[in-house]
Amino acid sequence: MSDLLRNGVFPLPATLPAECRCLDLSGSHTPSELLQRIGTALGFPDWYDANFDALFDCLIDAANIDCLALTGLEAFAAAQAEAFSTLHLVLAAVCDVRGELGQPVCFYLAGLSEGRTHAGG
């Protein structure tokens, strides 16, 4: 099974699968800024309000995203630990729902420790 078919949230590996889309989020200082940058990079619709609920909704509907690496988040994870934890929880919930729908999605998250891996259902 290729990494692309793994459903879950995983720490950023040394080498990403070729099919994986990568977003460099270096320099994101606030949750609002981080969420806005994700929405802009992924071309979310106009109703996207740069909040975690809207991120969840858009990623559930994003059938064109099978593998997404969010890089450059180490400083954000350290400075905004609660928001980083919420991001991880939202991505894990997306994996669970998309797994149930037969649309697995793999997220690689910079700043995530090995102990926080989430294999989706």
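The values are calculated or read from the model by the stated rules, or taken from the named source; none is laboratory data. These figures come from a predicted structure and were not determined experimentally. We place every Cβ from the backbone using ideal geometry, glycine too, and count neighbours over all the protein chains shown. Each accessible area value is taken on the protein alone, full model and side chains, heavy atoms only, with ligands, DNA and RNA left out. Shrake-Rupley method; radii C 1.70, N 1.55, O 1.52, S 1.80 Å.
Using a Förster radius of 22 Å, what is the FRET efficiency between A63 and E19 based on their Cβ-Cβ separation? Nearest 0.05, please. Intermediate results must be reported in sequence, preceding the final value.
Working: r = 14 Å, r/R0 = 0.66.
Plugging the Cβ-Cβ distance into 1/(1 + (r/R0)^6) gives 0.95.
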With springs connecting C-alpha atoms under 10 Å apart, model the chain as a Gaussian network and identify which of P17, P104, P45 has the largest mean-square fluctuation. P45
Which whole-Hz ³J(HN,Hα) couplings does the stretch 82-95 yield from phi under the Karplus relation 6.51 cos²θ - 1.76 cosθ + 1.60, θ = phi - 60°, glycine and proline marked x? 5, 5, 5, 4, 5, 4, 4, 5, 5, 4, 5, 5, 4, 4
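Please list 85-95, 30-40 highest first by mean number of surrounding beta-carbon atoms within 10 Å per residue.
Numbers: 85-95: 19.2, 30-40: 17.0.
Order by mean packing, descending: 85-95, 30-40.
Using 0.36 nm per residue, how much length does the chain from L101 to A54 gain when fully extended, once their Cα-Cα distance is taken away?
On the way: separation 47, 0.36 × 47 = 16.92 nm, distance 1.90 nm.
This chain segment gains 15.0 nm when fully extended.
For the chain, which whole percent of the accessible surface, found with a 1.4 angstrom probe, sits on carbon and sulfur atoms? Intermediate results must be reported in sequence, preceding the final value.
Working: 3130 of 5980 Å².
For the chain, the apolar C and S fraction of the accessible surface comes to 52 percent.
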With a 1.4 Å probe and all protein chains left in place, how much accessible area per residue does the chain have, in Å²? 49
Going residue by residue through the stretch 11-21, the Karplus relation 6.51 cos²θ - 1.76 cosθ + 1.60 with θ = phi - 60° gives ³J(HN,Hα) values, rounded to whole Hz and with x marking Gly or Pro, of x, 5, x, 5, 10, 8, x, 4, 7, 7, 7
log₁₀ I(q)/I(0) of the stretch 38-99 at q = 0.19, 0.22 Å⁻¹, via Debye over equal Cα point scatterers, no solvent, to two decimals? -0.76, -1.01
For n ≥ 4 DSSP H runs only, could you compute -39500 (n - 2.57) per run for the chain, divide by its residues and tell me the 222 nm figure to the nearest 500? -12500 deg cm²/dmol
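Please state the shape class of the stretch 1-107: rounded when a/c is under 1.5, otherwise prolate if a/b exceeds b/c and oblate if not, all from the C-alpha gyration tensor.
Values: a/c = 1.60, a/b = 1.21, b/c = 1.32.
Oblate, because a/c is 1.5 or more while a/b does not exceed b/c.
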